[in-house]
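Asks: First the structure, which I've put down as structure tokens, then a few questions once you've had a look.
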Amino acid sequence: MFLINCPFCGERDQSEFKAGGEAHIERPKHPKKLNDGEWAEYLFMRKNIKGVQFERWNHIHGCRKWFNMIRDTSNDKIKLIYKMGEKPPLK
Amino acid sequence: MKNKYSIFSLIKNAFSYHENWQKAWKDPTPKKEYDAVIVGGGGHGLATAYYLAKKHNMKNIAVVEKGWIGGGNTGRNTTIIRSNYLWDASVGLYDHALKLWEKLSQEINYNVMFSQRGVMNLAHNLQDVRDLKRRTHANRLNGIDAYYLSTEEVKKFCPIINTSPDIRYPVLGGTLQKRAGTARHDAVAWGYARGADEMGVDIIQNCEVKNIKRNGDEVDGLETSKGFIKTKKVGVVAAGHSSVLANMAGLRLPLESKPLQALVSEPVKPIIDTVVMSNAVHAYVSQSDKGELVIGAGTDDYVSYSQKGSHQIVEGTLNAIIELYPIFSRMRMLRQWGGIVDICPDASPIISKTTIKGLYFNCGWGTGGFKATPGSGDLFAHTIANDEPHKLNAPFNLNRFISGNLVDEHGAAAVAH
């Protein structure tokens with residue numbers, strides 16, 4: 001349980017939010033050229049990092065907007081929150 | 001040679017105030033090289049080592065464990081055992097395990113307190129009713145002892161359930177598997193460890209794997225906190241940390257690791273003699289032999305390795321428990337904890353070879369791995385020893401995410417994941 005600083009609404013309880021999984025997974029540019037293995041990579045394979053991870057979250061019980069978060073999954077501490085469409089900062 | 005546990009050994013040791021019991025397993029330092037090394041000393045890993053030694057005659061093997069054996073999810077689950085899954089492949093896997101459970105205490109000479117007290121799953125809406133009836137029919141076609149119960153039959157089987165039609169999620173029916181039940185989770189790890197140790201398996205605790213060393217496309221060994229261990233075969237059974245281990249070998253897995261919580265109450269006299277699971281409201285309850293209510297809650301939706309979990313998850317589960325069992329409304333909870341579960345997109349496990357020769361993964365058990373412990377160990381041992389899966393775990397290969405042959409138990413497995 002932790003607090004999340006929504007870029008649109010400010011600091012709220014984590015129970016108002018829904019986690020949307022790993023961020024910056026790009027939809028393949030040429031889907032028809034992908035083989036099954038490449039589709040599996042896109043659809044199913046995840047980094048699932050223990051440590052600093054880039055994620056998407058949705059303020060589902062608030063403004064209902066998506067945003068990005070950099071969070072340490074080993075202790076649930078949030079490092080940075082930035083809006084959708086913004087470039088991820090370098091590590 | 002291990003002394004056999006029996007009523008006579010108990011009496012004999014009583015005379016020396018139980019101070020001279022033989023050690024159940026040694027505390028060896030790792031050898032330079034093994035024929036195979038299992039990473040992860042939980043129930044599944046120790047069972048794998050046991051069956052490798054027993055059925056495949058691989059005695060020069062080791063289990064390496066970061067902490068102490070059985071200290072991870074083996075000691076954190078709610079000990080429920082059942083095999084009433086929807087799909088044929090899942091029934092094959094979980095019922096194989098259930099059949100091994102039935103003889104396990106005798107086989108390993110260790111009382112795992114396996115109790116076939118039945119597991120009941122409740123339906124709270126019309127879709128639940130349809131799903132549970134469908135699963136009951138599917139189970140019966142697969143030879144599983146499944147019964148569909150009406151609301152009155154649910155009440156008869158477990159009288160403390162509130163079956164009033166005016167509660168928020170009324171009980172519209174349920175299913176029952178009578179062969180299902182519970183076992184003592186610590187005993188399973190300890191029993192397999194003792195059995196494996198007797199056959200010469202080295203069980204090495206406080207030994208963290210730092211890297212999986214590869215020689216091209218083959219496994220060469222493990223770099224651990226106790227030095228380098230050379231081996232040609234590595235079986236990883238690391239539950240929530242599977243992705244971390246896979247990353248060391250340069251692999252990615254279709255897993256997300258999330259906290260799953262459970263809690264126990266203060267001990268009370270026997271009040272519930274079965275296991276009741278309710279996936280719509282996400283509340284499971286049974287009673288331990290010590291008298292505590294053992295309550296299973298749900299997973300959080302975010303990736304975390306922190307073994308904590310959110311308060312609102314526990315709150316939601318307890319709300320449901322109180323409505324379904326008004327008699328528990330003034331019970332006090334003693335302990336709450338989280339475990340990290342590795343969840344597959346189809347909510348079925350992976351017991352598989354990988355693209356790296358000699359590297360095997362047994363993971364993705366998600367929220368329900370404990371019930372499969374003996375079967376998982378048996379089939380993973382077969383896969384490691386023969387470098388080929390057994391026919392029961394062949395459907396649970398990693399390749400299914402490429403071929404599309406998913407074993408989709410999500411929402412079908414009588415449990416909300």
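The values are calculated or read from the model by the stated rules, or taken from the named source; none is laboratory data. Quick caveat: nothing in here was measured; it's all calculated off a predicted structure. Please note: Cβ atoms are built from the backbone with ideal geometry, for glycine as well, and neighbour counts cover all protein chains shown. What goes into the accessible areas is simple: the full protein's heavy atoms, side chains included, and nothing from ligands, DNA or RNA. Shrake-Rupley method; radii C 1.70, N 1.55, O 1.52, S 1.80 Å.
Asks: Could you work out the percent of alpha carbon pairs in the stretch B:263-417 separated by over 21 Å, rounded to a whole number?
Replies: 54
Asks: A further question follows. When every alpha-carbon pair in the stretch B:189-233 is counted, what percent end up more than 18 Å apart?
Replies: I get 43 percent for the Cα pairs in the stretch B:189-233 exceeding 18 Å.
Asks: Taking a threshold of 29 Å on the Cα-Cα distance, which of the pairs A:K50/B:K213; A:K47/B:K32; A:K47/B:K59; A:K18/B:K308 fall above it?
Replies: Going by Cα-Cα distance, A:K47/B:K32; A:K47/B:K59 fall outside the 29 Å limit.
Asks: Could you give the size of the charge dipole of the protein assembly as shown about its Cα centre, using +1 on the Cβ of each K and R and -1 on the Cβ of each D and E, expressed in debye and rounded to the nearest 20?
Replies: 460
Asks: From the protein chains alone at 1.4 Å, what is the descending order of accessible area for B:F396, B:F157, B:F8, largest first?
Replies: Accessible-area ranking of B:F396, B:F157, B:F8, largest first: B:F8, B:F157, B:F396.
Asks: Also, quick follow-up: Which log10 I(q)/I(0) values does the stretch B:159-241 give at q = 0.16, 0.22, 0.24 Å⁻¹ under the Debye formula, counting every alpha carbon as one identical point scatterer?
Replies: -0.83, -1.21, -1.25
Asks: Quick one: what are the phi-derived ³J(HN,Hα) couplings along the stretch B:58-69, Karplus 6.51/-1.76/1.60 with θ = phi - 60°, whole Hz, x for glycine and proline?
Replies: 9, 9, 8, 10, 9, 10, 9, 10, 5, x, 10, 5
Asks: Now for a separate question. Semi-axes of the stretch B:42-98's equivalent ellipsoid from the Cα gyration tensor, sqrt of 5 times each eigenvalue, largest first, rounded to whole Å?
Replies: 25, 18, 7
Asks: Jot down the radius of gyration and Dmax of the stretch B:3-111, Cα atoms only, both in angstrom.
Replies: According to the Cα coordinates of the stretch B:3-111, Rg and Dmax are 17.1, 53 Å.
Asks: Bins of 10 Å, beginning at zero and ending with the bin holding the largest distance: percent of Cα pairs per bin for chain B, please.
Replies: 5, 22, 32, 25, 13, 3, 0
Asks: Okay, moving on. Kirkwood hydrodynamic radius, computed over distinct alpha-carbon pairs, for the stretch B:333-417: how many Å, to one decimal?
Replies: Value: 13.8 Å, from the Cα pair sum.
Asks: Now a separate question. Rounding to the nearest 20 debye, state how big the charge dipole of the stretch B:136-250 is about its Cα centre with +1 on each Lys and Arg Cβ and -1 on each Asp and Glu Cβ.
Replies: So the dipole magnitude of the stretch B:136-250 works out to roughly 100 debye.
Asks: Around B:G366, under 12 Å between beta carbons, what's the net of Lys plus Arg minus Asp minus Glu among the other residues?
Replies: Charge balance near B:G366 sits at -2.
Asks: So which residue, out of A:F44, A:F17, A:F54, gets the largest mean-square fluctuation from a GNM of chain A using Cα contacts under 10 Å as springs?
Replies: Looking only at A:F44, A:F17, A:F54, the biggest GNM fluctuation is shown by A:F44.
Asks: Same structure, new question: Could you check how much of the accessible area of chain B is carbon and sulfur, as a whole percent, using a 1.4 Å probe?
Replies: On chain B, the fraction of accessible area on carbon and sulfur atoms equals 53 percent.
Asks: Before we go on, tell me the buried accessible area for the B/A pair, both chains summed, 1.4 Å probe, in Å² to the nearest 100.
Replies: Chains B and A together bury roughly 2200 Å² of accessible area.
Asks: Any chance you could check the stretch B:255-278 for residues losing 10 Å² or more of accessible area when the partner protein chains are in, compared with the chain on its own (1.4 Å probe)?
Replies: B:L255, B:E256
Asks: Compare the Cα positions of B:I384, B:N405, B:A262 along the charge dipole of the protein assembly as shown (+1 at Cβ of Lys, Arg; -1 at Cβ of Asp, Glu; about the Cα centre) and return the one farthest towards the positive end.
Replies: The residue sitting most towards the positive pole is B:I384.
Asks: Follow-up question, since we're still on this one. Hey, got the dipole for the stretch B:3-87? About the Cα centre, +1 on K and R Cβ, -1 on D and E Cβ, debye to the nearest 20?
Replies: 160
Asks: Pick out which of B:I295, B:I272, B:I343 has the largest mean-square fluctuation in a Gaussian network model of chain B, springs linking Cα atoms closer than 10 Å.
Replies: Looking only at B:I295, B:I272, B:I343, the biggest GNM fluctuation is shown by B:I272.
Asks: Separate question: Per the Kirkwood treatment, what hydrodynamic radius in Å, one decimal, follows for the stretch B:295-334 from the mean inverse distance over all distinct Cα pairs?
Replies: Across the stretch B:295-334, the inverse of the average 1/r is 11.4 Å.
Asks: Which whole-percent values make up P(r) of chain A when all C-alpha to C-alpha distances are grouped in 10 Å steps starting at zero?
Replies: The distribution over chain A is 15, 43, 29, 11, 1, given as percents.
Asks: For B:E323, A:E11, A:E22, give me the order by solvent-accessible area with a 1.4 Å probe, most accessible first, ignoring ligands, DNA and RNA.
Replies: The ranking, largest first, comes out as A:E11, B:E323, A:E22.
Asks: Measure of size requested: the Rg and Dmax of the stretch B:249-320, with Cα atoms as the atom set and Å as the unit; please supply both.
Replies: In order Rg, Dmax, the Cα atoms of the stretch B:249-320 give 15.1, 52 Å.
Asks: Using modelled backbone amide H atoms (1.01 Å from N, in-plane), which distant-in-sequence or interchain residues come within less than 5 Å of A:G20's amide H?
Replies: Answer set, sorted by chain and number: A:R56, A:W57, A:N58.
Asks: Okay, moving on. Can you tell me the relative contact order of chain B? Whole percent, Cα pairs under 8 Å, sequence separation 6 or more.
Replies: 22
Asks: Report the trypsin sites (Lys or Arg not before Pro) located in the stretch B:305-369 that are in a DSSP loop and have at most 15 other Cβ atoms inside 10 Å of their Cβ, or state none.
Replies: When the trypsin sites (Lys or Arg not before Pro) of the stretch B:305-369 are filtered for loop state and at most 15 Cβ neighbours within 10 Å, B:R330, B:R332 remain.
Asks: Moving on. Summing Lys, Arg as +1 and Asp, Glu as -1, what charge do residues with Cβ under 15 Å from the Cβ of A:P31 carry, A:P31 excluded?
Replies: 0
Asks: If you roll a 1.4 Å probe over chain A with all protein chains in place, what percent of the accessible area is carbon or sulfur?
Replies: C and S atoms contribute 51 percent here.
Asks: Let me ask another. Mind pulling the per residue volume of the convex hull built on the Cα atoms of the stretch B:214-261? Å³ is fine.
Replies: Enclosed volume per residue, from the Cα hull, is 93 Å³.
Asks: Here is a further query. Stokes-Einstein D for the stretch B:1-61 at 4 °C, 1.567 mPa s, Kirkwood Rh over Cα pairs, in µm²/s?
Replies: 92
Asks: Given the whole protein assembly as supplied and a 1.4 Å probe, what does the accessible area of B:Y302 come to in Å², nearest 10?
Replies: Counting only protein heavy atoms, the figure is 0 Å².
Asks: Taking θ as phi - 60°, what are the ³J(HN,Hα) couplings along the stretch B:39-54 by the Karplus curve (6.51, -1.76, 1.60), each to the nearest whole Hz, with x for Gly and Pro?
Replies: Whole-Hz 3J(HN,Hα) from phi for the stretch B:39-54: 9, x, x, x, x, 4, x, 5, 5, 4, 4, 4, 6, 4, 6, 6.
Asks: Counting only heavy atoms of the protein chains, get the accessible area per residue of the stretch B:1-118 (1.4 Å probe) and round it to a whole Å² value.
Replies: 50
Asks: In addition: Only Cα pairs under 8 Å and at least 6 apart count here; give the relative contact order of chain A as a rounded whole percent.
Replies: 27
Asks: A further question follows. If one computes the Cα centroid of the stretch B:127-172 and of the stretch B:2-34, what distance in Å separates the two points?
Replies: One Cα centre to the other: 45 Å.
Asks: So what is the 222 nm mean residue ellipticity for the protein assembly as shown from helices alone, if each DSSP H run of at least 4 adds -39500 (n - 2.57) and you divide by all residues, rounding to the nearest 500 deg cm²/dmol?
Replies: -8000 deg cm²/dmol
Asks: Go ahead and set up a Gaussian network model of chain B, Cα springs under 10 Å, then flag whichever of B:D342, B:D202, B:D273 fluctuates most.
Replies: B:D273
Asks: If you find the alpha carbon centre of the stretch B:302-369 and of the stretch A:4-30, how far apart are they in angstrom?
Replies: So the separation of the two Cα centres works out to 22 Å.
Asks: While we're looking at this one, here's another question. Beyond 36 Å, what share of the Cα-Cα pairs of the protein assembly as shown remains, rounded to the nearest whole percent?
Replies: The answer is 33 percent, as a whole percent.
Asks: Hey, which aspartates and glutamates would be in cross-link range of B:K353, C-alpha to C-alpha under 20 Å, not counting anything within fewer than 8 residues on its own chain?
Replies: Counting by Cα, and skipping residues close in sequence, B:K353 has these aspartates and glutamates nearby: A:D36, A:E38, A:E41, B:D35, B:D217, B:E218, B:D220, B:E256, B:D342, B:D378, B:D387, B:E388.
Asks: Then there's this: On the first, second and third principal axes, largest extent first, how far apart are the outermost C-alpha atoms of the stretch B:181-299 in Å?
Replies: 58, 37, 21
Asks: Just the accessible area for B:L398, please: 1.4 Å probe, Å², rounded to the nearest 10?
Replies: 30
Asks: Which of the aspartates and glutamates could a cross-linker span from B:K4 if the Cα-Cα distance has to be under 13 Å and same-chain partners fewer than 8 positions apart are dropped?
Replies: Here the aspartates and glutamates satisfying the reach criterion relative to B:K4 are B:E107, B:E198.
Asks: Per residue in the stretch B:325-357, which ones lose no less than 20 Å² of accessible surface when going from chain alone to all protein chains (1.4 Å probe)?
Replies: So the qualifying set is B:P345.
Asks: Just by accessible area at a 1.4 angstrom probe, what is the order of B:K156, B:K133 from largest to smallest?
Replies: The ranking, largest first, comes out as B:K156, B:K133.
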